Structure formats: structure tokens, C-alpha cells
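Colleague: First the structure, which I've put down as C-alpha cells, then a few questions once you've had a look.
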Amino acid sequence: MAMSEERTVLCGANAYDKKYYYNEAFAQIPKSIQDELHIICVLFTEEIGGIFTIVFERDGGISLETDAEGADICYDEIGSGLLVKEIYRKRKELFRTLSMYYRVLILKEDMADLLEEDE
């Protein structure tokens, strides 16, 4: 894969359709990590409602995004922000590792440079 000009969805869950999506372009990520991502997404939508996605940014960073349909009065907008922050805090190492994976294997950045950056 060449460097994308677009953001790339890694995975997500939709409380309205009761569905989970995982981008098969990342099938080489270990199954245990895929399972952890699945749990994060589904639990988020079970608790908050709406749509939750984990996205790789153009620069390799990770974003956690949540949205709701306009007429959804059950969606917890305040809770969504709090839960996103909690997930970032608790899974910081997971997201850092996924970001490095994306930057090295997809964006073709030099691993040595990334490790220096990380120090």
C-alpha cells in the first residue's frame, strides 16, 4: 500500500445496525489485537450508542471517533467524550503500537527514526 491521502478506518461498530466492521487490509495484525479492538468498539456502542470507529490518520496517528444519527435521543454525547478519553488512557500502549505498525508497514517510514522519536 502506498501512502494514502485519505484517512483509513481500522474498525468500528454501529449500535443502530448491531454490526462490527474490521478492515481486512489489516488482517495481518495479530488475532488477539483484532479481538481487543472488537471488544473496545462493541462495548463502546453498547454503553453510549451511536457509531464508533478507530481510524488511522494520514500521518499514522490514531483517532477514536463517535457519531450519532440526528434523531437519536438515547445517544450519550457527554458520556461519549468521557469514554473516548478513558479508552485512550487505558489503551495508550495499544494505540502507540498500532500507530507504529501503520507508519512502518503502510507509510514506509524508517523504524529507527520512529524509535528515536519515541524516546
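Colleague: With θ set to phi - 60°, apply the Karplus curve 6.51 cos²θ - 1.76 cosθ + 1.60 along region 70-83 and write out the HN-Hα couplings as whole Hz, x wherever there is a Gly or Pro.
Modeller: Computed from phi, the couplings for region 70-83 are x, 8, 7, 7, 8, 5, 9, 5, 5, x, 5, x, 5, 5 Hz.
Colleague: Which angle from 0 to 90°, rounded to the nearest 10, does the C-alpha axis of helix 31-48 make with the longest principal axis of the chain?
Modeller: 30 degrees
Colleague: Relative contact order for the chain: what percent, with Cα pairs under 8 Å and sequence separation of 6 or more? Provide the component values of the computation, followed by the final result.
Modeller: Values: 145 pairs, mean separation 31.2, N = 119.
Dividing the mean separation by the residue count of the chain yields 26 percent.
Colleague: Residue farthest toward the positive end of the dipole of region 9-74, with Cβ of Lys/Arg at +1 and Asp/Glu at -1: which of 34, 49, 10?
Modeller: Ranked along the dipole, the leading option is 34.
Colleague: Residues with amide H under 5 Å of residue 10's amide H, sequence separation 5 or more or different chain, H placed in the peptide plane at 1.01 Å from N; which?
Modeller: Amide H neighbours of residue 10: 54, 55, 56.
Colleague: Right, next: How large is the charge dipole for the chain, taken about the Cα centre, if only the Cβ atoms of Lys, Arg (+1) and Asp, Glu (-1) carry charge, to the nearest 20 debye?
Modeller: So the magnitude is around 320 debye.
Colleague: For region 1-82, run through the trypsin sites (Lys or Arg not before Pro) and keep only the ones in DSSP coil with at most 15 other Cβ atoms within 10 Å of their Cβ. Before the final figure, lay out each step's value.
Modeller: Working: sites: 7, 18, 19, 31, 58; in loops: 7, 18, 58.
Answer in residue order: 7, 18, 58.
Colleague: What's the long-distance tail for the chain, i.e. % of Cα pairs beyond 18 Å? The partial results should precede the final answer.
Modeller: On the way: 3690 of 7021 pairs.
Counting pairs separated by more than 18 Å, the tail of P(r) holds 53 percent.
Colleague: Which whole-Hz ³J(HN,Hα) couplings does region 52-65 yield from phi under the Karplus relation 6.51 cos²θ - 1.76 cosθ + 1.60, θ = phi - 60°, glycine and proline marked x?
Modeller: Whole-Hz 3J(HN,Hα) from phi for region 52-65: 10, 9, 10, 10, 8, 7, 4, 8, x, x, 10, 10, 9, 10.
Colleague: Go through region 1-103 and name the GluC sites (Glu not before Pro) that are in a DSSP coil and have 16 or fewer other Cβ atoms within 10 Å of their Cβ.
Modeller: Those satisfying the criteria are 5, 6, 57, 69.
Colleague: Hey, another quick one. Within region 11-82, report the chymotrypsin sites (Phe, Trp or Tyr not before Pro) that DSSP leaves as loop and that have at most 16 other Cβ atoms within 10 Å. Write out the running numbers ahead of the final one.
Modeller: On the way: sites: 16, 20, 21, 22, 26, 44, 52, 56, 75; in loops: 16, 75.
When the chymotrypsin sites (Phe, Trp or Tyr not before Pro) of region 11-82 are filtered for loop state and at most 16 Cβ neighbours within 10 Å, 16 remain.
Coordinate-derived values only; no laboratory data. Predicted model only: the values in this text are computed from it and were never measured. Backbone-built Cβ (ideal geometry, glycine too); neighbour counts: all protein chains shown.
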